[in-house]
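Down below is the structure, laid out as structure tokens.
The values are calculated or read from the model by the stated rules, or taken from the named source; none is laboratory data. This one's a predicted model, so the numbers in the text were calculated from it and none came from an experiment. All Cβ positions, even for glycine, are placed from backbone atoms using ideal geometry, and neighbour counts span all protein chains on display. Keep in mind that these areas ignore ligands, DNA and RNA; they rest on the heavy atoms of the full protein, side chains included. Shrake-Rupley method; radii C 1.70, N 1.55, O 1.52, S 1.80 Å.
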Amino acid sequence: MGLNGPAFAGYGNALAAYLMGSAEDVLTPVAPGTGDPIPFVSDGEGETTKLTESGVIVQRWKTVFVAGGTRPIVGDKFTFGGETWQVSQTDPDRCAGSDWPNMLTLVGHARQASSR
């Protein structure tokens, strides 16, 4: 038995609207004139650490679903929350009729871990 794609997309869109809340989050292109800000909803975030000779390096990542038909490509840079994020992976959402058709994995710039 197959899934009813449009009905399933409706649930996805309702969840995205709930997650978005009252204030829309947007990814703003770093380079001026490269496009409009893109609304998104967060799917998850975290950070990875790596021990190097110069200390611990931390890199943040974020998975988001973006609205609209514009699909950012790997390497595009955006700002959000006072940080610069770069697209490291893109995947189309298989949910028929979804308002949030593309999933992106964003990475923040690696930084030295602060000592406490």
Matching option when the condition is at pLDDT 85 or above and more than 21 Å from Met103 (Cα to Cα), among Val26, Val56: Val56
Filter result for Thr84 (more than 11 Å from the chain's Cα centre (by Cα), closer than 17 Å to Ala110 by Cβ and of a type in the set (Ser, Thr, Tyr)): yes
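Condition check ((1) over 17 Å from Trp85 (Cβ atoms); (2) among the charged types (D, E, K, R); (3) assigned to a loop (DSSP other than H, G, I, E, B); (4) open to solvent by 90 Å² or more (accessible area, probe 1.4 Å)) across all residues:
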| site | (1), (2), (3), (4) |
| --- | --- |
| Pro39 | no, no, no, no |
| Ser42 | no, no, no, no |
| Glu45 | no, yes, no, yes |
| Thr48 | no, no, no, no |
| Leu51 | yes, no, no, yes |
| Phe65 | no, no, no, no |
The lone exception for Ile73 - which of (1) out of contact with any Leu (no Cβ under 7 Å at 6 or more places or on another chain); (2) at pLDDT 90 or above it fails: (2)
Hits in the range 90-108 - residues which are at pLDDT below 90 and either among the acidic types (Asp, Glu) or over 11 Å from Val64 (Cα atoms) (or both): Asp91, Pro92, Asp93, Arg94, Cys95, Ala96, Gly97, Ser98, Asp99
